[in-house]
Structure formats: C-alpha cells, structure tokens
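K.L.:
One structure, pasted below without further comment.
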Amino acid sequence: RGSKGCLNVTTLIEPQSARVSLRQWKVEDRPPLAALNADPRVMAHFPHVLSRAESDALADRNATFIARNGWGFWAAELRASGRFMGFVGLNMPTAPLPFAPCVEIGWRLLPQYWGQGLASEAAQAALSVAFEQLQLEEVVSFTALSNLRSMAVMQRLMMKRDEATFEHPALPHGHGLRRHCLYRLKRAEWQAHRHVLSNV
C-alpha cells in the first residue's frame, strides 16, 4: 500500500522546484487561502466553497500535519515574488476510501497561476519527497470525473488511471460529484520516468 515507508520524519521538509517553494504555513497565508477557497472557479469540483472559518481550519490542519510528520499539503509560493499561490503536496486521507490506507498527492492554486505548468512542477517536487525521502511504494491522486484540469496534471505526472471509478464516501448518494476516478504512480514507475517528469 502507498502508506508503507517512512511516514514520520524528524525534520521539516520544504521542497523547491525551479519556480515554486513549498513550505510550512504562515499566518499571513490565511487571507489569500480564504480567497482561493471562496473562488467558485477553484471549487467547481468540490462540494462547496469554504467560509473563512472553514478555510482557516484547513490551514490549521495542514500546518499541524506538517509539524507532526515533516511533510504534507505545503503552502506554495512563487519563488520570483514570494507570493502565495495555493497549496501542493502530500496527504493521508481520513475518509474510508476503498483503496485506503494511502498517501495522495494534490494541489489547489489561485486561477492566476493556472495554465503555466506550476501545479505539475510543484507536484513533481512533492513526488521526489514521497519516493526518495519517505520511500513510499505508491502515491495516488483522485478527483471528481468532471475535473479534467486536475486529471491532465495527473497524466503529466505519468500517473496511471484505474479502470474502475469509485464513489467518494464523504459525499451523499446521488451527489453530482460523488463519482471519482483514481490515478496511481508506483515508485519504480516514477524512477523509470524521472527524465520525462523533470520536464513537466
């Protein structure tokens, strides 16, 4: 399973790519994170936009997870400007997913940073942490079937889609976003494709 490996590290990991820094959360990240989570374009494939309180709670959960484990959903900033872009990283879902336990990779960026390859670039830095430092056997990613933009990132990361879809247990039966697809990437596959992934 994807959860095998060194899931708890003793030092804080803050990976970087050419254009993106992934780091622990700061108090000043909360307003732009709230704007991100309240944007209907960003949240189109999630059940609802988040209130400020819900967004702050998400920041707290992310920061606590990173403080405990050394990695997680990091705050993402553009290295050239230091501006907050959203978050990218790794997570252990708590929902009773049919493929749990697992470690997922995910991303959520402000719209002004879409279409520039930044999500793929930052996700590749996160995958390096997953497979080199944490020594995970597998990383997964999943999303609602309507989220073609995120699926395109998963494909650029050389992840392979499972034939079967699944119903996300956190959403009620009949919900339009309940049906999800699952993508997987194994460490051996990542190692074999690193020369390709370095150019995503």
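The values are calculated or read from the model by the stated rules, or taken from the named source; none is laboratory data. All values reported here derive from a predicted model rather than from experimental measurement. Positions of Cβ are generated from backbone atoms using ideal geometry, with glycine treated the same way; all protein chains shown enter the neighbour counts. Side chains are part of the model used for accessible areas, which takes the heavy atoms of the whole protein and leaves out ligands, DNA and RNA. Shrake-Rupley method; radii C 1.70, N 1.55, O 1.52, S 1.80 Å.
K.L.:
Suppose we filter Leu134, Leu109, Leu90 for residues that are touching a residue at least 60 places away in the same chain (Cβ under 8 Å) and closer than 27 Å to Asp56 by Cβ; which single one remains?
P.N.:
Leu109
K.L.:
From the list Ala35, Ala44, exactly one residue is over 17 Å from Val139 (Cβ atoms), open to solvent by 40 Å² or more (accessible area, probe 1.4 Å), among the small types (Gly, Ala, Ser) and not in a helix (DSSP H, G or I). Which is it?
P.N.:
Ala44
K.L.:
Which of the residues belonging to segment 128-139 are surrounded by 24 or more Cβ atoms within 10 Å (Cβ to Cβ) and under 26 Å from Arg179 (Cβ atoms)?
P.N.:
Val139 - this is the single residue of segment 128-139 that is surrounded by 24 or more Cβ atoms within 10 Å (Cβ to Cβ) and under 26 Å from Arg179 (Cβ atoms).
K.L.:
Looking at segment 47-62, which of its residues are of a type outside the set (D, E, K, R) and either in contact (Cβ under 8 Å) with a residue 60 or more places away in the chain or open to solvent by less than 60 Å² (accessible area, probe 1.4 Å) (or both)? Let's see the steps before the verdict.
P.N.:
Of segment 47-62, the ones of a type outside the set (D, E, K, R) are 47-51, 53, 55, 57-59, 62.
Across segment 47-62, the qualifying residues are Pro47, Leu50, Ser51, Ser55, Ala57, Leu58, Ala59, Asn62.
K.L.:
Can you name the residue in segment 140-150 that is open to solvent by less than 10 Å² (accessible area, probe 1.4 Å) and of a type in the set (A, V, I, L, M, F, W, C) and, of all such residues, is nearest to Asn8 (Cα to Cα)?
P.N.:
Val140
K.L.:
(1) among the aromatic types (Phe, Trp, Tyr); (2) in contact with a Leu (Cβ under 9 Å, 6 or more places away or on another chain); (3) at pLDDT 95 or above: which one isn't true of Phe46, the others all being true?
P.N.:
(3)
K.L.:
Which pairs turn up if I take residues in segment 1-19 that are of a type in the set (D, E, K, R) and look for partners that are open to solvent by 90 Å² or more (accessible area, probe 1.4 Å) and modelled with pLDDT of 75 or more with beta carbon separation below 6 Å, at least 6 apart in sequence or on another chain?
P.N.:
Arg19/Arg79
K.L.:
Quick one: in segment 153-169, which of the residues that are over 14 Å from the mean Cα position of the chain (by Cα) and of a type in the set (A, V, I, L, M) is farthest from Val88 (Cα to Cα)?
P.N.:
Ala164
K.L.:
Let me confirm something: among Leu185, Leu171, Leu127, Leu177, which residue is outside any helix (DSSP H, G or I), closer than 23 Å to Ile66 by Cα and of a type outside the set (D, E, K, R)?
P.N.:
After applying the criteria, what remains is Leu185.
K.L.:
Separate question: What number of residues within segment 20-49 are farther than 19 Å from Arg149 by Cβ and touching a helix residue (DSSP H, G or I) at 6+ places or on another chain (Cβ under 8 Å)?
P.N.:
Count: 7.
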